[in-house]
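Report on the following structure.
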């Protein structure tokens with residue numbers, strides 16, 4: 001039986017999984033690493049930590065000596081690394097996708113009228129979330145960086161590019177179309193780096209990686225005296241789209257990891273919704289490009305980590321389910337999930353998190369339930385926008401670590417009033433990377449079959465409660481935004 005290696009490089013951990021040709025996990029390894037927060041809204045990581053955790057987890061799964069046909073890589077998108085072409089060493093820590101340090105630059109660009117050109121070319125809104133302003137910040141703030149870039153001595157990459165460069169025999173400088181489409185520098189109409197945008201951000205094209213289809217050839221992984229062809233690269237949320245077998249127009253998935261990302265496949269159609277949702281490349285497989293609409297939520301699983309590590313409400317994330325009221329009652333306490341601002345559809349970098357409605361009668365169960373509901377309500381923000389634009393949601397495929405919480409999944413179904421389908425393997429990002437490498441090896445897409453573990457059906461009796469509670473939460477969010485100057 002054939003085996004495939006999937007490298008899943010996430011926001012707070014790296015994971016390696018060996019899948020067999022039937023898409024069952026044979027062996028896996030995961031290792032966490034730390035993020036740092038040097039200033040308000042800043043989020044960074046040590047590139048060496050990311051690289052070392054990937055190498056360690058890959059070594060762990062290769063010890064079992066399963067013959068590997070090919071490797072697929074999936075990664076946190078938008079996170080930005082700039083490194084020396086001469087030494088291979090990064091010149092600054094990884095600026096993580098959640099980082100908001102460039103929000104003032106983004107405001108200035110919007111005020112100068114650049115939003116339409118960016119939207120038309122990239123499908124994105126002007127926001128610190130994406131890589132372009134992160135690259136510009138590094139070039140403008142790291143001593144000597146601008147001169148080195150102008151001399152062609154620096155390389156930019158999202159995490160996939162850095163891993164490919166650092167771990168392959170060829171030391172190639174590559175990325176795929178999905179990661180490229182998240183930089184705010186890639187024209188999704190002609191599928192090329194855009195000169196106008198590179199000039200706008202003053203970024204030399206010599207820094208940019210060569211862009212390939214998701215099922216391209218990205219070089220040869222060289223680790224522990226083993227050589228494995230990298231036949232697939234795909235950004236994590238697009239990987240989950242593939243992993244959930246969302247290959248048809250209108251197929252919808254939502255991933256609940258560190259952040260939450262809902263994505264709808266629109267096939268060859270580039271559809272732009274003006275209300276704050278993104279248009280992006282879904283994947284390019286077998287020489288065909290499929291586009292997608294995405295709603296990006298910054299805070300999701302990291303809310304649960306915060307409740308665990310900072311608030312000390314429980315010792316393990318799985319214990320949060322004990323404190324989550326299945327009926328959604330938080331005694332009028334609401335949570336604003338904005339550690340680093342709000343994503344879709346608000347796109348507000350200045351707002352910060354908080355609780356509202358706390359009384360002497362409130363307890364940790366109320367606060368925890370309010371926090372979980374805020375994740376569901378942010379999802380409802382997005383699904384309501386989709387339905388407003390005639391994209392009907394009959395069922396939603398979900399994945400990610402948070403979906404191990406069954407009470408949360410039922411709460412989500414009750415709030416959205418749709419069926420929620422959960423796959424047998426909730427790590428759909430890694431599964432998607434595996435599938436892309438299999439497709440590169442000749443597997444027909446039509447042969448893929450998704451194994452579902454559970455279906456959650458909504459409780460229709462709870463509709464009026466959640467509609468009322470959602471409006472109260474929405475008023476709290478909008479009232480808070482209106483007070484920010």
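May I have the pair-distance distribution P(r) for the range 64-108, computed from all Cα-Cα distances with 10 Å bins from 0 and rounded to whole percent?
Histogram of Cα-Cα distances, whole percents per bin: 19, 30, 27, 18, 5, 1.
Which distance in Å, rounded to a whole number, links the C-alpha centroids of the range 326-401 and the range 411-426?
About 15 Å separates the Cα centre of the range 326-401 from the one of the range 411-426.
Just the Cα atoms of the range 167-317, one point each, no solvent: what log10 I(q)/I(0) does Debye give at q = 0.17, 0.20 Å⁻¹?
Ignoring solvent entirely, the Cα scatterers give -1.05, -1.20.
Any idea what the relative contact order of the range 334-485 is, in percent, if you count C-alpha pairs under 8 Å spaced at least 6 apart?
Numbers: 170 pairs, mean separation 34.8, N = 152.
Once normalised by length, the contact order is 23 percent.
Using label points projected 7 Å from each Cα along Cα→Cβ, tell me how many nm separate residue 150 and residue 31, to one decimal.
4.1
Contact order normalised by length for the chain, with contacts defined as Cα pairs under 8 Å and 6 or more residues apart; what percent is it?
Computed over the chain, the figure is 14 percent.
Per the Cauchy relation, a quarter of the hull surface: what is the mean projected area of the convex hull of the alpha carbons in the chain, in nm²?
If I average the Cα hull's projected area over directions, I get 21.5 nm².
At 222 nm, what helix-only mean residue ellipticity would the chain give, in deg cm²/dmol to the nearest 500, using -39500 (n - 2.57) for each DSSP H run of four or more? Before the final figure, lay out the partial values.
Working: 15 runs with 159 residues, N = 485.
Taking each H run of at least 4 residues, the total per residue is -10000 deg cm²/dmol.
Compare the peptides 80-90, 41-51 by average per-residue count of other Cβ atoms within 10 angstrom and give them in order, highest first. Kindly include the intermediate steps, with their values, before the conclusion.
On the way: 80-90: 17.0, 41-51: 19.1.
Packing order, densest peptide first, comes out as 41-51, 80-90.
Take 34, 55 and order them by how many other Cβ atoms sit within 10 Å, fewest up front. Walk me through the numbers before you get to the answer.
Working: 34 8, 55 18.
So the ranking, lowest neighbour count to highest, is 34, 55.
For the range 239-296, what's the relative contact order in percent, using C-alpha pairs closer than 8 Å and at least 6 residues apart? Walk me through the numbers on the way to the answer.
On the way: 110 pairs, mean separation 17.5, N = 58.
It rounds to 30 percent for the range 239-296.
Per residue, how big is the convex hull around the C-alpha atoms of the range 300-437? Give it to me in cubic angstrom, could you? Can you show the working numbers first?
Values: hull volume 19.6 nm³, N = 138.
In the range 300-437, the Cα convex hull volume per residue is 142 Å³.
Expressed as a whole percent, how much of the Cα-Cα distance distribution for the range 3-235 exceeds 27 Å? Please report the intermediate quantities before stating the final value.
On the way: 8833 of 27028 pairs.
In whole percent, the long-distance tail amounts to 33.
With each label point set 7 Å from Cα along the Cα-Cβ vector, what nm distance links residue 249 and residue 46?
If labels sit at residue 249 and residue 46, their model points lie 5.1 nm apart.
How large is the convex hull of the C-alpha atoms of the range 84-205 per residue, in Å³?
On the way: hull volume 12.9 nm³, N = 122.
Cα-based convex hull of the range 84-205, divided per residue, equals 106 Å³.
Looking only at Cα atoms, what is the convex hull volume of the range 147-250 per residue, in Å³?
On the way: hull volume 12.2 nm³, N = 104.
Enclosed volume per residue, from the Cα hull, is 117 Å³.
Can you compute the equivalent ellipsoid semi-axes for the range 228-312, i.e. the square root of 5 times each eigenvalue of the Cα gyration tensor, sorted largest first and rounded to whole Å?
Numbers: eigenvalues 148, 62, 18 Å².
Ellipsoid half-lengths, sorted descending, are 27, 18, 9 Å.
Among DSSP bridges having both ends in the range 3-235, what percentage is antiparallel? Round to the nearest 5. Mind dumping the intermediate values first?
Values: 30 of 44 bridges.
If we restrict to bridges inside the range 3-235, about 70 percent are antiparallel.
No lab work stands behind these numbers, since they all come straight from the coordinates. Note that the structure is predicted; figures quoted are calculated from it, not measured. Here the Cβ is made from the backbone with ideal geometry for all residues, glycine too, and neighbour counts use every protein chain on show.
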